[in-house]
1. Provide the percentage of antiparallel DSSP beta bridges, counting only those with both residues in chain B; round to the nearest 5.
2. If you take the C-alpha gyration tensor of the stretch B:228-275, multiply each eigenvalue by 5 and take the square root, what semi-axes do you get, largest first, in whole Å?
3. Over the protein assembly as shown, what is the percentage of antiparallel beta bridges among all DSSP beta bridges, to the nearest 5?
4. So what is the relative contact order of chain B, in percent, for Cα pairs below 8 Å that sit 6 or more residues apart?
5. Among the DSSP beta bridges whose two residues both lie in the stretch B:456-602, what percent are antiparallel, rounded to the nearest 5?
6. Where does chain B land on Rg/Rh, using Cα atoms and the Kirkwood Rh?
7. With only alpha-carbon pairs counted, each pair once and no self-pairs, how large is the Kirkwood hydrodynamic radius of the stretch B:456-602 in angstroms?
8. List the equivalent ellipsoid semi-axes of the stretch B:256-395 in whole Å, largest first, each obtained as the square root of 5λ for an eigenvalue λ of the Cα gyration tensor.
């Protein structure tokens, strides 16, 4: 135990907009730090070698694989996880049904200002199945839209190529990113 | 579509999707308990060997290690004794599985010991301290060779663990009547499920002495298997299922649950065990690889006369579900066609490879690759349009299958195939070295388990005092919206809004047994059980309202928490003539008539199969459909680019249109992976494709937009006439793509996946001819 804990370092960084200070082990992986030290469970372990994308977070606005980054190396920088992109969403707003094509119009079933437009669009377009890849997928899409607010299909595919989804076939995910982009352009 | 329903057939979004986009869902790995230990599994690095020495002393002595277990610590070291589907013909099964290997290992990756420690780093260090010595034994990796008498034996004295056959008509006469015959051999690979969530769970002993296991489970009934291994009554083991991060059959067989039960039982501490991605790759079952030999004949006017198929599947080193999978292959071997003369012979064979078992498509998709390749080549030989040729032979309602089962639902195959092709739109042009081609394939796949298993499912539904409803059903949610479907069905029947219905699912001590989320049975079985229970509750309410107002119950309607007394529910003149649901519930309660119901849905039962000859119905019903592809093949490199893709199925009746399309798109994607790129490689029993950079699954860059066409015949056996779609969605994909490649370059690929290398070699072979 002592060997593993040796050489702890103090770091300060920003996580989801809040400044945090903590001691980390030199071999501590960013994904594990987020999950174990801050209970930010939305980022997932899927492969451990940076292939599946389930651990994707934003590092200074850029999508990165948190299973491939040492916590110690992000000192002084800014991390955003899936928990940090919604706008105060809670469990209190309920989902329901609507005629085909008009599911969950923003502002009704999900009161405006709760979900990020990408999150709302993922629900509306049926882009979520098991949900395990979803947080990483939304983070990669957010990194894209922050840089390129009006991407075409190919640019979306390129942005999420490192995020594997085994349930959907990606079609609805791409539609969701496009639909969110449209909504964000109007806002 | 579905105008008659308020909710059924619409695009329904459930509460869990919202939590999924927020990252709020507590998946199996996300759960922790105070004082929890972390576990790892010590596994074999030999494919076939005796364990001469196993020394756990140094591992046990490591500071922070709490529990190290080997076979001798396991109360009953046999698991998965369920071998229904084994024919008596090939002798009784001796391939009993070991929880932990005792004296001998039979495949690379077999579990030998378990470690639980204060943290994961210590558990991993302890694995390094386990000492083992092996003595290699003869091994066999080729199932065709393993069938031969002199082959090394994996268990007992016969490697053939399952044999099935079909005999219909006179096969020789059938081929004599044929003007054209196509005879070819095909191969399909092992396929890795590659769900993004690894197998994972947490176990603990509660204050009643019950072993609780919360894990990603497609089959919560495995609490019985854990109890058997621990030597406990079934009632002392509880499985709490989680929202599952993908399964596809990968979380259907035993994974972490027995290990978790053992470690909590022995250590007295909560324990977490999550497989590494590598461990999923080399230690958990795969889709069985198949060798298929097909001979199919037709007359010159395009009528099929005869089909003969020989199938051999590789079961790997232990018997899991490969005998069942083989039944599926045997019954589905003809494809969705009426063929008067049929002969099928099928074997599943033990080898020293990784064990094989359930994977979406379950024996139906391996044969689909072969029979649809055959149909395509026959059409070419006959110079007939491939769709016109198929139309002359499609099964339709009332026809008899090769195992003498009458099709009792609609089979909208001509519509599905035409619409799938039409959905591709205009055809691309290509260039000198980039050839464009199109192909399609049709398929059938059963939904619901084999009828001789006497499948049942239970659901409990009530009305609360405020008129909202609770549903209890054991069915796990695999990500396909299983819970949401139950919510929709009950809301529709009780006239409630979706968010007035709450579903509690997948807990073996809380929810009524509903069976597995496998075999495309969840909607069919649990949906029907929830429907029955909700109808019973509605009857209780309407009977009570009837007694309250003196109007016959059949003249009453239940909607929006009101019981209406007139036919015209909306008319303002009738507004006065209604009772509130809450009033009726209160009246029920006052008289002790609780509005609740526990209902059991029973699938049609048939007698168990007693010989290896299948000549009776095996399935309740089938789902029919077609998929179509347009590809561009680079003739210089063999690379395939999928340009367009469409999938069309008659799903009977959509319950949640979003989820139907999701299953169809995802099934197509997985089937395309199987056809084009997913290649699980083993060399001499050593798996080489452990992680996702070696085993390639389709990414966003590999797939075009997938067009879906949903047909609704309302003729299925599920609630509201629904059929199942989970597995049918995958079956036709590989042959659709392979037929498109054939169209593009004039070369057929007989061994999927059609990697660039295989296509390049096939093109080279053609040029050299």
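1. Details: 99 of 131 bridges.
If I count the DSSP bridges inside chain B, around 75 percent turn out antiparallel.
2. Values: eigenvalues 87, 35, 20 Å².
The three semi-axes for the stretch B:228-275 are 21, 13, 10 Å.
3. On the way: 115 of 149 bridges.
Expressed as a percentage, antiparallel bridges in the protein assembly as shown total about 75.
4. Values: 2009 pairs, mean separation 120.9, N = 769.
Result for chain B is 16 percent.
5. Details: 15 of 20 bridges.
For the stretch B:456-602, the DSSP antiparallel bridge percentage is about 75.
6. Working: Rg = 27.2 Å, Rh = 27.5 Å.
Ratio value, two decimals: 0.99.
7. 15.5 Å
8. Working: eigenvalues 364, 38, 28 Å².
Over the Cα atoms of the stretch B:256-395, the semi-axes work out to 43, 14, 12 Å.
Read-outs throughout are calculated quantities, based only on the coordinates presented, and are distinct from any laboratory measurement. Keep in mind that what you see is a predicted model, and the values were worked out from it rather than measured. Glycine gets a Cβ as well: all are built from the backbone with ideal geometry, and neighbour counts include every protein chain shown.
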